[in-house]
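For reference, the structure discussed in these notes is given below.
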Amino acid sequence: MIEIDGVSKVFGSGVQAFTALDNVSVTIRENEFFTLLGPSGCGKTTLLRTIAGFNAPTNGAVRLDGQDLVSLPPYKRPVNTVFQNYALFPHMTVAENIGFGLEMLNRPKAEISSTVDQMLDLVQMTAMAGRRTSEISGGQQQRVALARALAPRPKVLLLDEPLSALDYKLRKGMQVELKRLQNETGITFVFVTHDQEEALSMSDRIAVMNHAQILQVGSPHEIYEHPSERFVAEFIGETNFLIGTVTQADETQGSVALDAGGNIVARLPQGEGGMGQVTVAVRPEQATFCAPDSGEATVSGTVSNVVYLGTDTHFHLTLDDGNPFALRLQNTPDNSVQQKVGDRIGIAIAPGVAQVLKD
Amino acid sequence: MADRGFDVQKQRGFTTIALACFVLLYTPIVLLVMYSFNVGTSIAIWEGFSWRWYVSAWENEQVKVAALRSLYLAVVASFVATSAAVLAALATTRRPAYRGQTVVFAIINQPLMVPEIVTAVALLIFFALIKSFTGYTGGAFLFVAHSAFCIPFAYMPIRARLQGMDLTLEQAAADLYGTPLRVFRKVTLPLLWPGILAGAMLAFVISLDDVVITEFVKAAGQDTLPTYMLGQLRRSVTPEVNAISTVLLAISVTMVVIYFILSQRKN
Ligand SMILES: Nc1ncnc2c1ncn2[C@@H]1O[C@H](COP(=O)(O)OP(=O)(O)OP(=O)(O)O)[C@@H](O)[C@H]1O
Ligand SMILES: [Mg+2]
């Protein structure tokens with residue numbers, strides 16, 4: 001379990017001071033595949049380097065299983081990193097690279113060589129054990145970097161966008177492989193990416209970051225279906241935003257009178273917020289068609305564009321108040337799309353599905 | 001044709017100027033080597049091929065003593081200078097920028113910027129002072145002087161190599177439980193090796209052919225090969241000087257070639 005407790009990191013000083021981490025707190029559980037997701041420059045690498053020990057936090061504490069990490073130098077932390085650029089040692093072979101950590105831990109020769117063999121097998125690089133790292137491909141280098149970081153059996157593995165340099169197919173393959181490795185080894189993975197699809201498909205939990213802060217932590221499902229704020233909703237997937245006023249609320253849900261007409265029962269954010277004028281987030285696949293202006297319809301509008309995408313169809317709609325709305329329907333073999341451009345339609349949103357945002 | 005910007009090779013007169021430079025640089029050297037094989041005693045009139053000046057230099061006791069002193073000096077000076085340069089390069093590259101960095105840089109590179117004759121005179125006076133206090137007049141002064149002025153020459157390629165080195169390699173090694181000392185031995189040093197080799201060879205060659213500082217610092221009977229040759233030139237010039245120069249040239253070329261081969265193999 002990693003506890004990140006009120007960690008701040010300020011680079012530089014005076015007028016040049018830059019806050020790369022702003023009072024970040026999060027707890028990463030044991031054996032978890034934990035992903036840091038956010039746009040470029042939001043502080044993902046800085047947070048990872050703080051855990052690894054390459055930069056000292058300006059404020060706050062980092063603990064691993066209750067033990068303080070901040071006072072330990074990187075070489076005393078049971079944490080290994082897969083670097084963004086792999087950072088393989090160019091003067092060593094693939095096998096020597098993988099054995100490096102165990103060698104530094106002064107493990108017996110026999111143990112080192114058997115672990116190295118095991119690791120080579122795990123990442124399917126046995127045939128290339130004797131090669132220099134400059135003599136293997138990018139994807140293979142990535143696997144060696146992974147094996148090198150796994151070989152000493154760290155408690156935590158930090159991975160900084162390890163798949164970003166790979167082509168689409170290789171990346172898909174490695175995603176599956178990483179997930180399998182994490183299951184097999186039981187090591188906690190802290191994974192950095194700015195690819196939302198990657199984050200959703202691999203993670204147990206995701207922390208969405210922006211501007212040096214963590215905005216929301218939750219399972220892929222929670223993050224996607226119930227984003228807490230506009231940035232999270234916008235950063236992951238496509239979202240419709242409807243403006244309205246909360247007319248009635250209990251602990252988890254509230255009724256919102258939409259400016260576009262109609263009422264919607266939506267989930268309220270936890271904690272503060274969610275009264276008065278609010279924004280409601282609705283995913284394109286959370287809405288369906290119904291008869292316009294009927295009791296079933298939350299809002300009504302007209303179809304302005306239809307895009308057929310094989311597995312599903314995207315509808316671009318214009319609501320009665322002039323705002324756009326995106327709706328996605330899954331295609332089935334027996335139904336053909338009936339709605340055409342210019343048709344007047346109703347949009348039904350089931351109660352408790354949409355999410356009221358904090359801000 | 002696509003515009004490739006300013007192309008110096010396309011400028012008028014480029015070939016002529018380039019050729020003139022090469023001729024100026026290499027003709028004297030070619031002549032020097034050629035006349036080292038002259039049968040006669042003239043360094044200007046060709047009278048036929050012979051090894052006689054090499055034999056005469058080889059049998060000249062003074063040449064031998066001076067050559068050995070030069071070699072010994074160059075080996076010790078380049079070793080000391082390179083060790084110091086490695087430490088200096090680490091201290092100036094492996095830490096965040098700090099106030100006064102340029103000053104430190106300038107101090108390390110002082111011998112490159114101060115005219116050699118000034119350093120020579122300063123050393124002469126300084127060592128004379130020490131000599132008068134301690135009474136010691138041995139060869140150590142030469143070793144100290146050579147080690148010192150060779151440092152910036154060793155420092156430059158080592159620093160360049162360190163700056164070009166990927167910092168994450170050292171971080172990766174530390175991440176994999178390498179203590180600072182072991183990271184240095186296992187990662188930094190092997191990767192730095194071509195730079196160290198280049199620095200050491202540069203220092204060696206610089207020490208080997210130094211005249212000005214040696215001339216001012218040496219005591220009587222402490223001639224190195226270059227100062228011995230200078231002394232000879234003042235009396236009578238024979239192709240023996242050419243022969244010694246040719247051997248020095250051969251040593252330099254060999255070292256450059258060895259360095260080249262070694263650094264190619266590393267990559
Ligand atoms: N050593 C440093 N000195 C000053 N500023 C820094 C330093 N390292 C990072 N920063 C700044 O901190 C911010 C966060 O950097 P960080 O590397 O953590 O971003 P990131 O989220 O990993 O982005 P990316 O997805 O592009 O890798 C950036 O604006 C960066 O410019
Ligand atoms: Mg980064």
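Can you go through A:128, A:104, A:174 and tell me which one is within 24 Å of residue A:47 (Cβ to Cβ) and away from ligand 1 (no atom under 16 Å from the Cβ)?
Numbers: A:128 fails: within 24 Å of residue A:47 (Cβ to Cβ); A:104 fails: within 24 Å of residue A:47 (Cβ to Cβ).
It is A:174.
Limited to segment A:313-337, what total is found for residues that are exposed (fewer than 14 other Cβ atoms within 10 Å of the Cβ) and of a type in the set (D, E, K, R)?
Count: 2.
Which ones in segment A:254-275 are buried (at least 16 other Cβ atoms within 10 Å of the Cβ) and in a strand (DSSP E or B)?
Matches in segment A:254-275: A:254, A:255, A:256, A:258, A:264, A:265, A:266, A:267.
Please enumerate the residues belonging to segment B:198-210 that are open to solvent by less than 40 Å² (accessible area, probe 1.4 Å) and either within 12 Å of chain A (Cβ to nearest Cβ) or part of a helix (DSSP H, G or I) (or both).
Across segment B:198-210, the qualifying residues are B:198, B:199, B:200, B:201, B:203, B:204, B:207, B:208.
What do you reckon, is residue A:307 assigned to a strand (DSSP E or B) and open to solvent by less than 40 Å² (accessible area, probe 1.4 Å)? Steps first, answer last, please.
Details: assigned to a strand (DSSP E or B): yes; open to solvent by less than 40 Å² (accessible area, probe 1.4 Å): no.
Judged against the criteria, residue A:307 is not a match.
Going by the conditions given, is residue B:176 closer than 28 Å to residue A:78 by Cα and in contact with a helix residue (DSSP H, G or I) (Cβ under 8 Å, 6 or more places away or on another chain)?
Numbers: closer than 28 Å to residue A:78 by Cα: yes; in contact with a helix residue (DSSP H, G or I) (Cβ under 8 Å, 6 or more places away or on another chain): yes.
Yes: the conditions hold for residue B:176.
I'd like to check something: does segment A:198-207 contain any residue that is within 16 Å of ligand 1 (Cβ to nearest atom) and touching a Gly at 6+ places or on another chain (Cβ under 9 Å)? I'd like the intermediate steps shown before the answer.
First, pick out the residues of segment A:198-207 that are within 16 Å of ligand 1 (Cβ to nearest atom): A:198-199, A:206-207.
In the following step, the residues that additionally are touching a Gly at 6+ places or on another chain (Cβ under 9 Å) were identified as A:206-207.
Taking every residue of segment A:198-207 in turn, at least one turns out to be within 16 Å of ligand 1 (Cβ to nearest atom) and touching a Gly at 6+ places or on another chain (Cβ under 9 Å).
Out of A:95, A:56, A:17, A:61, I need the residue that is more than 14 Å from ligand 1 (Cβ to nearest atom), in contact with a strand residue (DSSP E or B) (Cβ under 9 Å, 6 or more places away or on another chain) and among the aliphatic types (A, V, I, L, M). Which one?
Numbers: A:95 fails: in contact with a strand residue (DSSP E or B) (Cβ under 9 Å, 6 or more places away or on another chain); A:56 fails: more than 14 Å from ligand 1 (Cβ to nearest atom); A:17 fails: more than 14 Å from ligand 1 (Cβ to nearest atom).
Going through A:95, A:56, A:17, A:61 in turn, the sole match is A:61.
Which members of segment A:79-132 meet the condition of being assigned to a loop (DSSP other than H, G, I, E, B), basic (Lys, Arg) and away from chain B (no Cβ under 13 Å)?
Restricting attention to segment A:79-132, the residues satisfying the condition of being assigned to a loop (DSSP other than H, G, I, E, B) are A:83-92, A:105-108, A:123-125, A:129-131.
Filter once more, so that each one left must be basic (Lys, Arg): A:107, A:131.
Matches in segment A:79-132: A:131 only.
For residue B:153, state whether it is out of contact with any Phe, Trp or Tyr (no Cβ under 9 Å at 6 or more places or on another chain) and at pLDDT 90 or above. Let's see the steps before the verdict.
Values: out of contact with any Phe, Trp or Tyr (no Cβ under 9 Å at 6 or more places or on another chain): yes; at pLDDT 90 or above: yes.
Here the answer is yes, as residue B:153 does meet what is asked.
Quick check on segment A:185-200: of everything there that is touching a helix residue (DSSP H, G or I) at 6+ places or on another chain (Cβ under 8 Å) and open to solvent by 40 Å² or more (accessible area, probe 1.4 Å), which residue is farthest from ligand 2 (Cβ to nearest atom)? Walk me through it before giving the result.
At the first step, the residues of segment A:185-200 found to be touching a helix residue (DSSP H, G or I) at 6+ places or on another chain (Cβ under 8 Å) are A:185, A:187, A:189-194, A:196, A:198-200.
Imposing the further condition that a residue be open to solvent by 40 Å² or more (accessible area, probe 1.4 Å) reduces the set to A:194, A:196, A:200.
Numbers: A:194: 8, A:196: 16, A:200: 19 Å.
Step by step, filter segment A:185-200, then rank; the result is A:200.
So residue A:72 passes all but one of these: (1) closer than 30 Å to residue A:58 by Cα; (2) away from chain B (no Cβ under 14 Å). Which condition number does it fail?
Here residue A:72 clears every test but (2).
Quickly run through segment A:137-162 and pick out the residues that are within 16 Å of ligand 1 (Cβ to nearest atom) and in a loop (DSSP other than H, G, I, E, B). I'd like the intermediate steps shown before the answer.
Just the residues of segment A:137-162 that are within 16 Å of ligand 1 (Cβ to nearest atom), to begin with: A:158-162.
Hits for segment A:137-162 are A:161, A:162.
Taking into account only those residues within segment B:19-45 that are more than 14 Å from residue B:237 (Cα to Cα) and either assigned by TED's automatic domain parsing to the domain that holds residue B:246 or among the hydroxyl-bearing types (Ser, Thr, Tyr) (or both), which is nearest to the chain's Cα centre (by Cα)?
The qualifying residue nearest to the chain's Cα centre (by Cα) is B:26.
Output the number of the condition that residue B:66 fails; it satisfies all remaining conditions of (1) modelled with pLDDT of 90 or more; (2) within 28 Å of residue B:189 (Cβ to Cβ).
Going through (1) modelled with pLDDT of 90 or more; (2) within 28 Å of residue B:189 (Cβ to Cβ) one by one, residue B:66 breaks only (2).
Cβ-Cβ distance below 7 Å, separation of 6 or more or different chains: which pairs start in segment A:34-51 with a residue that is of a type outside the set (S, T, N, Q) and end on one that is near ligand 2 (Cβ under 9 Å from one of its atoms) and assigned to a strand (DSSP E or B)?
Qualifying pairs under 7 Å: A:36/A:192; A:44/A:192; A:48/A:160; A:48/A:192.
In this structure, is residue A:87 more than 16 Å from ligand 2 (Cβ to nearest atom) and either in the same structural domain as residue A:170 (by TED's automatic domain parsing) or within 32 Å of the chain's Cα centre (by Cα) (or both)?
No: the conditions fail for residue A:87.
Could you list, in sequence order, all residues of segment A:33-72 that are away from ligand 2 (no atom under 13 Å from the Cβ) and open to solvent by less than 10 Å² (accessible area, probe 1.4 Å)?
Passing the criteria: A:33, A:34, A:35, A:51, A:62, A:64, A:69.
Quick one: residue A:340 ticks every box in (1) in a loop (DSSP other than H, G, I, E, B); (2) open to solvent by less than 70 Å² (accessible area, probe 1.4 Å); (3) of a type outside the set (Ser, Thr, Tyr) except a single one, so which number is it?
Against the list (1) in a loop (DSSP other than H, G, I, E, B); (2) open to solvent by less than 70 Å² (accessible area, probe 1.4 Å); (3) of a type outside the set (Ser, Thr, Tyr), residue A:340 comes up short only on (2).
Which one is nearest to residue A:69 (Cα to Cα) among residues in segment A:143-164 that are within 14 Å of chain B (Cβ to nearest Cβ) and within 16 Å of ligand 2 (Cβ to nearest atom)? Can you show your working first?
The first filter runs over segment A:143-164 and keeps only residues within 14 Å of chain B (Cβ to nearest Cβ), leaving A:144-162.
Subsequent filtering for residues that are within 16 Å of ligand 2 (Cβ to nearest atom) retains A:145, A:158-162.
Numbers: A:145: 24, A:158: 15, A:159: 18, A:160: 19, A:161: 23, A:162: 24 Å.
Only one residue tops the list, namely A:158.
What are the residues in segment B:229-247 that are out of contact with any Ser or Thr (no Cβ under 9 Å at 6 or more places or on another chain) and open to solvent by less than 40 Å² (accessible area, probe 1.4 Å), if any?
B:231
Which of the residues spanning segment B:141-194 are surrounded by 23 or more Cβ atoms within 10 Å (Cβ to Cβ), of a type in the set (Ser, Thr, Tyr) and closer than 24 Å to residue A:48 by Cα?
B:177, the sole residue that qualifies.
Within the group B:15, B:27, which residue is part of a helix (DSSP H, G or I), modelled with pLDDT under 90 and of a type in the set (S, T, N, Q)?
Residue meeting the stated conditions: B:15.
Give just the number: which of (1) more than 20 Å from residue B:252 (Cα to Cα); (2) surrounded by fewer than 19 Cβ atoms within 10 Å (Cβ to Cβ) does residue B:85 not satisfy?
That leaves (2) as the condition not met.
Of all the residues that make up segment A:283-315, how many are in contact with a Phe, Trp or Tyr (Cβ under 8 Å, 6 or more places away or on another chain) and within 24 Å of residue A:248 (Cβ to Cβ)?
Result for segment A:283-315: 3.
Results for (1) more than 30 Å from residue A:142 (Cα to Cα); (2) of a type in the set (Ser, Thr, Tyr), shown as yes or no for each residue.
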position: B:169; (1), (2): no, no
position: B:197; (1), (2): yes, no
position: B:228; (1), (2): yes, yes
position: B:243; (1), (2): yes, no
position: B:248; (1), (2): yes, no
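The values are calculated or read from the model by the stated rules, or taken from the named source; none is laboratory data. Bear in mind the structure is a predicted one, so any value in this text is a computation, not a measurement. For neighbour counting, all protein chains shown are included, and Cβ atoms are generated from backbone atoms with ideal geometry for every residue, glycine included. In case anyone asks, the SASA skips ligands and DNA or RNA and just uses the protein heavy atoms, side chains included. Shrake-Rupley method; radii C 1.70, N 1.55, O 1.52, S 1.80 Å.
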